[in-house]
Amino acid sequence: MPPLVVILVVVALFAALSIYGPVAADRRRKALAAWAAGRGLSFSSRHDYGMAGRFPEFACLRQGENRYAYNVVRGVWENRPFHAFDYHYETYTHHKGRRQTHHHHFSAAIMTSDVPLQPLVIRPETMFDRVAEFVGVDDIDFESAEFSRRFHVRAPSKKWAYDVIHARTMEFLLGMPDFHLQFDRSHVMAHRTRRYEIPDIEAAANVMRGILDRLPDYVVKAQQGHA
């Protein structure tokens with residue numbers, strides 16, 4: 001292909017992307033706003049720079065610089081406070097004395113628990129986790145070999161992990177889409193490294209609700225006694 005043709009193709013691609021990006025973003029905002037309204041939830045596309053400060057235990061909200069949430073949906077989901085949002089942060093590289101900015105976007109949802117919680121992470125197992133296990137860095141294993149193969153679980157307290165992830169919860173999670181799930185003391189977060197489509201938001205909410213609904217009575221009583 002002649003050099004001039006290559007240049008013209010590249011220019012055309014950049015022009016198409018510069019037009020498509022804002023159009024797609026506007027379409028996404030409108031779809032989320034309509035979905036939220038239909039669910040009785042509020043919606044705001046404004047930048048919210050305080051999300052990381054309100055949830056300091058969620059490390060994914062403290063990555064990079066210029067961090068903010070946007071397209072924020074708030075309200076109540078199945079009697080629990082809930083919000084979902086897109087999230088932006090920046091990282092930087094340097095090349096030949098010039099700094100290049102990289103923009104990162106992902107989505108997350110957070111549900112407030114009506115029971116005090118303890119820290120816990122449940123996420124899909126990766127190839128790197130398997131390599132780590134090979135050299136002796138292991139996660140928490142469960143009686144279900146299928147669950148242990150699919151999920152990487154860690155918590156300061158193994159007892160808490162086993163209390164939360166009992167047989168019914170394992171069966172539930174094996175039948176649901178995968179998310180990176182994390183507990184702090186009062187909330188559960190479900191996030192991914194990409195932006196959610198609307199069905200993903202609903203799935204994330206239902207996964208978090210399903211885990212909290214399945215907390216055994218003895219765990220609920222014990223946690224309430226420690227509050």
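The values are calculated or read from the model by the stated rules, or taken from the named source; none is laboratory data. Fair warning: this is a prediction, and the values are worked out from it, not measured in the lab. For neighbour counting, all protein chains shown are included, and Cβ atoms are generated from backbone atoms with ideal geometry for every residue, glycine included. Surface areas here come from the heavy atoms of the whole protein model, side chains and all, with no ligands, DNA or RNA. Shrake-Rupley method; radii C 1.70, N 1.55, O 1.52, S 1.80 Å.
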From highest to lowest solvent-accessible area (probe 1.4 Å; ligands, DNA and RNA excluded), His94, His104, His47, His191 read His94, His47, His104, His191
Within the under-10-Å Cβ sphere about Pro81, not counting Pro81, Lys/Arg +1 and Asp/Glu -1 give a net charge of +1
Most packed first (mean Cβ within 10 Å per residue), the peptides 197-204, 55-62 order as 197-204, 55-62
Gyration tensor on Cα atoms of segment 48-199, a ≥ b ≥ c root eigenvalues, a/c under 1.5 rounded, else prolate if a/b beats b/c, else oblate, says oblate
Taking N as the number of residues in segment 42-85, the ratio of its alpha carbon radius of gyration to 2.2 N^0.38 Å works out to 1.22
Once both label points are put 7 Å beyond Cα along the C-beta direction, the Arg195-Ser42 separation in nm becomes 2.3
If each part is reduced to its alpha-carbon centroid, segment 78-109 and segment 134-202 end up apart, in Å, by 23
Whole-percent carbon and sulfur contribution to the accessible surface of segment 136-227 (1.4 Å, no ligands, DNA or RNA) stands at 50
Simple spin-label estimate for Ala167/Arg149, 7 Å along Cα→Cβ, in nm, reads 2.1
Regression test value, accessible area per residue of segment 80-227, probe 1.4 Å, units Å², expected 52
Under a 1.4 Å probe, counting only protein heavy atoms, Ser45 has an accessible area in Å², nearest 10, of 50
Expected field for Thr93, accessible surface area in Å² at 1.4 Å probe radius, rounded to 10, holds 60
The ³J(HN,Hα) series, computed from each phi in segment 169-174 with the Karplus coefficients 6.51, -1.76 and 1.60 at θ = phi - 60°, rounded to the nearest Hz and given as x for glycine or proline, is 6, 4, 4, 4, 5, 5
